[in-house]
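The values are calculated or read from the model by the stated rules, or taken from the named source; none is laboratory data. Because the structure is a prediction, the values reported are computed rather than measured. Neighbour counts are summed over all protein chains in view; Cβ atoms, including those assigned to glycine, are modelled from backbone coordinates with ideal geometry. Side chains are part of the model used for accessible areas, which takes the heavy atoms of the whole protein and leaves out ligands, DNA and RNA. Shrake-Rupley method; radii C 1.70, N 1.55, O 1.52, S 1.80 Å.
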Amino acid sequence: MKVGVHKIAMASPDDVSGLEKLIDAGELRPEEIVAIIGKTEGNGGANDFTRGYATLAFRLMLANRLGVSFEEVVPRIAFVWSGGTEGVLSPHATVFTRTEQTRDMGEPRLVLGIAETRALVPEEVGTLTHVRLVAEAVSKAQRQAGIVRSADVHYVQVKGPLLTSAA
């Protein structure tokens, strides 16, 4: 497996120009994108709509570039956004690509697996059920990445549910 990591600056939550430039330059192929993790310029609170706005912008552009429907983008690509960059961070996205490689590289390297749990109901958030579901998903992602030993896992990104008064 070969994993690519591409960090792009964003001037606003809907700024997909950095990713478009990488695609147009042939530096990455949209078919190889498996995840986009980023930081938007919102306030980071429950009312921070910049995360959804960024996902919308990237989904629209990628649906066009991939030649698929808007709905088909999310099952192909994981989106994780964190809001809130007030005066400290710059809005950005990190785009992860993955290609299958048949030759063994012979040494430890960056690999990537992606899995998700079923939707949790509000009363399950923060319970042992939640913990077990996340652990199962991490194990699945580990197998997908070809990692045999848990000691070789060095980072896990988890996207958690947002609880609001509506839930």
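The table that follows gives values for the structure above.
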{"read-out": "Cβ-Cβ under 7 Å pairs, at least 6 apart or on other chains, the stretch 17-40 side in the same structural domain as K159 (by the TED database), far side of a type in the set (S, T, N, Q) and open to solvent by 10 Å² or more (accessible area, probe 1.4 Å)", "value": "none"}
{"read-out": "Subset of the stretch 41-77 (residues that are on the phi > 0 side of the Ramachandran plot and in contact with a Gly (Cβ under 6 Å, 6 or more places away or on another chain))", "value": "G44"}
{"read-out": "Members of the stretch 125-156 found to be surrounded by fewer than 13 Cβ atoms within 10 Å (Cβ to Cβ), touching a residue at least 40 places away in the same chain (Cβ under 8 Å) and not acidic (D, E), listed by number", "value": "G146"}
{"read-out": "Subset of the stretch 11-33 (residues that are within 20 Å of V74 (Cβ to Cβ) and in contact with an Asp or Glu (Cβ under 8 Å, 6 or more places away or on another chain))", "value": "P13"}
{"read-out": "Criterion (open to solvent by 40 Å² or more (accessible area, probe 1.4 Å), under 24 Å from A25 (Cα atoms) and at pLDDT 95 or above) met by exactly one of L56, L62", "value": "L56"}
{"read-out": "Filtered residues of the stretch 73-124 (kept if hydrophobic (A, V, I, L, M, F, W, C) and open to solvent by 60 Å² or more (accessible area, probe 1.4 Å))", "value": "V74, V88, L89, M105, L110, A119, V121"}
{"read-out": "M105, sole failed condition from (1) out of contact with any strand residue (DSSP E or B) (no Cβ under 8 Å at 6 or more places or on another chain); (2) modelled with pLDDT of 90 or more", "value": "(2)"}
{"read-out": "Test for A137: is it farther than 18 Å from V5 by Cα and outside the structural domain of S17 (by the TED database)", "value": "yes"}
